1. Output the strands (runs of 3 or more DSSP E) that fall wholly within region 182-262 and possess 1 or more residues being closer than 24 Å to Gln64 by Cβ and at pLDDT 95 or above, or say none.
2. Suppose we filter Ala58, Ala52, Ala41, Ala93 for residues that are in contact with a Lys or Arg (Cβ under 9 Å, 6 or more places away or on another chain), of a type in the set (A, V, I, L, M, F, W, C) and at pLDDT below 95; which single one remains?
3. Take the residues in region 150-186 that are closer than 30 Å to Ala72 by Cβ and among the β-branched types (Val, Ile, Thr), then tell me which one is surrounded by the fewest Cβ atoms within 10 Å (Cβ to Cβ).
4. Looking at the structure I just gave you, is Gly83 out of contact with any strand residue (DSSP E or B) (no Cβ under 7 Å at 6 or more places or on another chain), modelled with pLDDT under 95 and outside any helix (DSSP H, G or I)?
5. Any residue at all in region 117-139 that is in contact with a Gly (Cβ under 8 Å, 6 or more places away or on another chain), open to solvent by 30 Å² or more (accessible area, probe 1.4 Å) and within 23 Å of Asn423 (Cβ to Cβ)?
6. Would you check if there is a residue in region 363-378 being in contact (Cβ under 8 Å) with a residue 24 or more places away in the chain, of a type outside the set (Asp, Glu) and assigned to a strand (DSSP E or B)?
7. Could you look through region 414-445, keep only residues that are basic (Lys, Arg) and within 22 Å of Ala334 (Cβ to Cβ), and pick out the one that is most open to solvent (accessible area, probe 1.4 Å)?
8. Tell me which residues, restricted to region 301-359, are touching a Lys or Arg at 6+ places or on another chain (Cβ under 7 Å), surrounded by 14 or more Cβ atoms within 10 Å (Cβ to Cβ) and not charged (D, E, K, R).
Amino acid sequence: MSSDRVNQLQALTRSDVAGLTADVTGVVLLPEDNGYAAECATYNTAVPRLPAVVVGAACAADVQRAVRFAGAHGRPVTVLNTGHTSLPLGRDAVLITTRRMTGVTIDTTLARARVGAGVRWQQVIEAAAPHGLAPLNGSSPTVGVVGYTLGGGLSPTLGRAFGWASDHVTALDVVTANGALRHATVATEPELFWGIRGARENLGIVTAMEFDLFPVSRLYGGSLAFSGKHAEAVLSAYARLTALAPDELTTSIAFLRSPDLPAFPASLPGTCTIHVRVSWLGTAAEGDALLRPLREAAPTLADTVADMPYSAFASIHADPVDALPFAERTVTLAALEPRLIQRLVEDLGGESDGAPAIVGLRHLGGAMAGPSINAGAAGLRDGEFALWVIALGDESTTASARPWTDAFFGRLGPWLVPGRLLNFMGRDDVGEEAVRAAYPPATYRRMQEAKAAYDPGNLFRLGHTIPPHP
């Protein structure tokens, strides 16, 4: 169906969804229904999500019925796993939410977890920790497991030690565009298994996932905070730390500015602080030795780095729990050499002006670099850092960050590395050109071929769309 025809689709009526409502175990809500807004709500409150109908799936069969309904009515369909998605959704769409699908099973013999599509990382960690096991989770305990992993899964605690989360998926249950529920592994549906670990919902909607866990029960971690006026000294010390970092050390550095929002101190808008986040799997004594030059580079405003149980990982980044309005963009960088350090200091340091609220660099490399025998389509395997820019505020506020970010990325040109982390690409990067730039050319073409096989009609065409290969 053409995009013009889709844009002309009329609003769905109660009669239109009567059959779907009768068949679904969960809920079916139209825009006028109580609970519709809450069902569509996301972590990013700046992104409008106003679908024609939202289906709160309680099981895989509900997802199948919703996908078949969308296909029969010529409407695009997408999924909202837990709410951290930050992409807009039009009034013609069918939205499937999976937050009711929260089963978690731990196989201690194989060191694997099986989760439903609505599970968040905190649930996995609580289930795995008593067995001395840990997943390749993100920085926030409230992030959904499935969406994070299908976008690559850059773990800020274990990534350099064990690799991309998507590379450690062992099986997926996926509803494809024809409504079929497929079990995808390296042996069964190998192209679907490969492609959806990077293409996300372009190839189907995952209802359950199995993945590896690792024998980690504690770490030496936390955050070092510095004044932005020491940007050059801190960034130079951080560059030396990362240049020689063992794989067991995963770190990031972020330049933070307090925005003029109610959730932040009103007396300090624009104040710049630098935060180095640390996760070290060795002993505390070894970690102290690694961090000593960084601690000596400048006075610390705060130092929370200490030995901790793995279950306390969320304290390292201390991500906000409550929903916020924001816009995000990303690029990939080479190693931190002196000219790049100077460039970042000029743009982000304490004397700079106009930078967005958060600009962070996540250290890549280690086990995330190079080929993996179980690799999917996701993963930045050549770059040294994923740079992530986040502007806080609604659309009228974050609009001013676009030209600044465009100019900033332009000045970083000599150090840019091809590829982008899909999980850090926001609503400004949903066009085909931006999505294509996230992958190596051969990977993108192979995903298009998989799209043609599993979704030739492009039913899953919302968000970071990959069109079928012609």
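The values are calculated or read from the model by the stated rules, or taken from the named source; none is laboratory data. Predicted, not measured: the structure shown is a model, and the values here were computed from it. A quick note on method: Cβ atoms are made from the backbone with ideal geometry, for glycine too, and the neighbour counts reach across all protein chains shown. Ligands, DNA and RNA are stripped out before the accessible areas are found, and what is left, the full protein with its side chains, is counted by its heavy atoms. Shrake-Rupley method; radii C 1.70, N 1.55, O 1.52, S 1.80 Å.
1. By residue number, 205-212.
2. Values: Ala58 fails: at pLDDT below 95; Ala52 fails: at pLDDT below 95; Ala93 fails: at pLDDT below 95.
Matching residue, one of Ala58, Ala52, Ala41, Ala93: Ala41.
3. We begin by selecting, within region 150-186, every residue closer than 30 Å to Ala72 by Cβ; these are 150-151, 171-185.
Okay, now just the ones that are also among the β-branched types (Val, Ile, Thr), so 174-176, 185.
Working: Val174: 24, Val175: 27, Thr176: 22, Thr185: 14.
Looking at residues that are closer than 30 Å to Ala72 by Cβ and among the β-branched types (Val, Ile, Thr), I get Thr185.
4. Details: out of contact with any strand residue (DSSP E or B) (no Cβ under 7 Å at 6 or more places or on another chain): yes; modelled with pLDDT under 95: yes; outside any helix (DSSP H, G or I): yes.
Yes.
5. Yes: one or more hits.
6. Among the residues of region 363-378, at least one is in contact (Cβ under 8 Å) with a residue 24 or more places away in the chain, of a type outside the set (Asp, Glu) and assigned to a strand (DSSP E or B), which makes the answer yes.
7. Result: Arg436.
8. Across region 301-359, the qualifying residues are Met308, Tyr310, Ile316, His317, Ala327, Thr330, Val331, Thr332, Gly350, Ala355, Ala357.
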